[in-house]
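Input: a single structure, listed below in structure tokens.
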Amino acid sequence: MLDNRFPTALQMVLCIAKADGENQRCTSKTLADGLDANPSFVRKLMVPLTRDGIIVSTLGRCGTTRLGRPADQITLCDIYTSVTDDKPLMACRPEVPARCVISANACQFFKELAKEAEQASLDVLAKRTVADALYEIMQRSWAGNEADITHCAS
């Protein structure tokens, strides 16, 4: 099953950053609507993002969500590690019986390979901030994307 936590959380944080920059109100409902995501999934992702100081959310009828620190101080790696809870990028198959040298050692090999691949991914994500990503998205125009860029999560 495809894990949608990081891409959804990234989109949420980018929408919140955009709203903050435009002094607009951003709620979990507007985020869910704008991302075409289940509102409970959005609220579930808000928990670790809030815990880690990436966002600040106030409850109630007038509740809003805003960034917990400046966008140039939040890396994409911060978001990824916040919402994935140390779940490995890839997992081996430990249930395979050790019947030969391959099956006896493939899981350990795969664990090491996956750790190396995940570290490379984290290194890439650590080099980019929310401010960088928002700027890049706002400056680019991808073919077939005709959405109104003046509205994010509204």
Among L31, L122, L14: highest mean-square fluctuation, GNM of the chain, C-alpha pairs under 10 Å: L122
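By the gyration tensor of its Cα atoms, with a ≥ b ≥ c the square roots of the eigenvalues, what is the shape of segment 19-88: rounded for a/c under 1.5, prolate for a/b over b/c, or oblate?
Because a/c hits 1.5 or more and a/b fails to exceed b/c, segment 19-88 counts as oblate.
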Label-to-label distance, nm, for residues given as K115 and L59 (7 Å Cα→Cβ offset): 4.1 nm
V101 paired with D36, simple spin-label distance in nm, labels 7 Å along Cα-to-beta-carbon: 5.1 nm
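Excluding S82 itself, calculate the net charge of residues whose Cβ lies under 9 Å from the Cβ of S82, where each Lys or Arg counts +1 and each Asp or Glu counts -1. The partial results should precede the final answer.
Working: positive: R51; negative: D52, D78, D85.
Cβ neighbours under 9 Å give a net charge of -2.
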Helix 101-126 vs. the chain, principal-axis angle (Cα, 0 to 90°, nearest 10): 20 degrees
Descending principal axes extents, segment 60-132, alpha-carbon based, whole Å: 61, 31, 11
Highest-fluctuation residue, P97, P39, P48 considered, GNM on the chain with Cα pairs under 10 Å: P97
Under the Debye formula (equal points on every Cα, no solvent term), log10 I(q)/I(0) of the chain at q = 0.12, 0.15 Å⁻¹: -0.59, -0.82
Candidates M46, M138, M12: whichever shows maximal mean-square fluctuation once the chain is modelled as a Gaussian network with Cα springs under 10 Å: M138
Which of L45, L59 has the fewest Cβ neighbours within 10 Å, and the rest in rising order: L59, L45
Formal net charge of residues neighbouring R43 (Cβ-Cβ distance under 15 Å; K, R +1; D, E -1): +3
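All of the numbers you see were taken from the coordinates with simple rules; none came from a lab. Predicted, not measured: the structure shown is a model, and the values here were computed from it. Counting neighbours? That spans all protein chains shown, and the Cβs are built from the backbone with ideal geometry, glycine included.
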